[in-house]
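Student: My questions all concern the structure below.
Values in this text are rule-based calculations from the coordinates and carry no lab data. What you see is a predicted model, and the numbers here were worked out from it, not measured in a lab. Ideal geometry is used to build each Cβ from the backbone, glycine not excepted, and the neighbour counts take in all protein chains shown.
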Amino acid sequence: MVNFTSARSRSVTLHLRAFGAVCLLVGCLACSVVQPVRVLPEGTTQITGSLGGPWLPNSSPAIIAPYLNVGAMHGISENVTLTGSLHGTLLPFGALGLDLGAAMRLIKQQGVVPELTAKAQVYGFYDFTPGSTSTRPVSADGATAAGAVRVLPYLSVNASYELTQGLLGYLAVENLFQLSAAPNYFLTPTVGLQYALSPTFSLQGEWKWMAANIDTRNGIFQGQSTIGSTGNWGVFLGFNWTIAQKASASDAK
């Protein structure tokens, strides 16, 4: 006689393992939709959030992996914005993920010339339940190997252009560096749109080719959303909500 309860339990465990591994890999490859596209005005503070991940067509049902980030940005000058976020999806799987960084405007949009923005930040991951667990196994490619602390430097450059009032289109190149183990470098080309629904709230969508330089056919995703034989493509949706702005001289009057 088939033990349906036991079979169902094993199925749930396998799904949890796969999901935990996916979340940790996404956390190491391409985590944040809110880059920001452009720096904020001096004295402006925004709450940010994003949800998304790689496309998993072989899962049942087929889904976009739901990787969640929440954070904040603050303009410390007209050309520099500080950023930081918490990687919320990792917490149930025994890992704390944080990122801190700064974005700088290199070139302001003028005529047909797009605005260029560079961002440098550091991702930090801390395993507070080290070792292989039912929800977070160590993967064959080592992407989810347990460790006390993992620090990953990140650099990005994006070119954005105001297509119409309130609508920005942009292209970005994201570069993540893993200094502790091979592969040491992940390239992620990105295409996105940001639309301002109001003066204080905007939505953002991105398509990413995550780890475009890495053969991922035998990794956690087993080539589910590779382009050719490399990377995994995914979709990320986010928001930016302004909660504080520096008063201007006209406001003071």
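Student: Tell me the label-point distance for the pair Leu96, Val173, using the 7 Å Cα-to-Cβ offset, in nm and rounded to one decimal.
Tutor: So the label points at Leu96 and Val173 sit 3.6 nm apart.
Student: Give, as a single signed number, the net charge of other residues whose beta carbon lies under 9 Å from the beta carbon of Thr117, with Lys and Arg counted +1 and Asp and Glu -1.
Tutor: Net charge in that neighbourhood comes out at +2.
Student: Would you calculate the separation in nanometres between label points at Ile243 and Asn184, each defined as 7 Å from the Cα along the Cα-to-beta-carbon direction?
Tutor: 4.0 nm
Student: Separation between the Thr164 and Gln110 pseudo-spin-labels, each 7 Å from Cα along Cα→Cβ, expressed in nm?
Tutor: It works out to 2.8 nm between the two label points.
Student: Which whole-Hz ³J(HN,Hα) couplings does the stretch 182-198 yield from phi under the Karplus relation 6.51 cos²θ - 1.76 cosθ + 1.60, θ = phi - 60°, glycine and proline marked x?
Tutor: 7, x, 9, 9, 10, 9, 10, x, 9, 10, x, 9, 10, 10, 7, 6, 7
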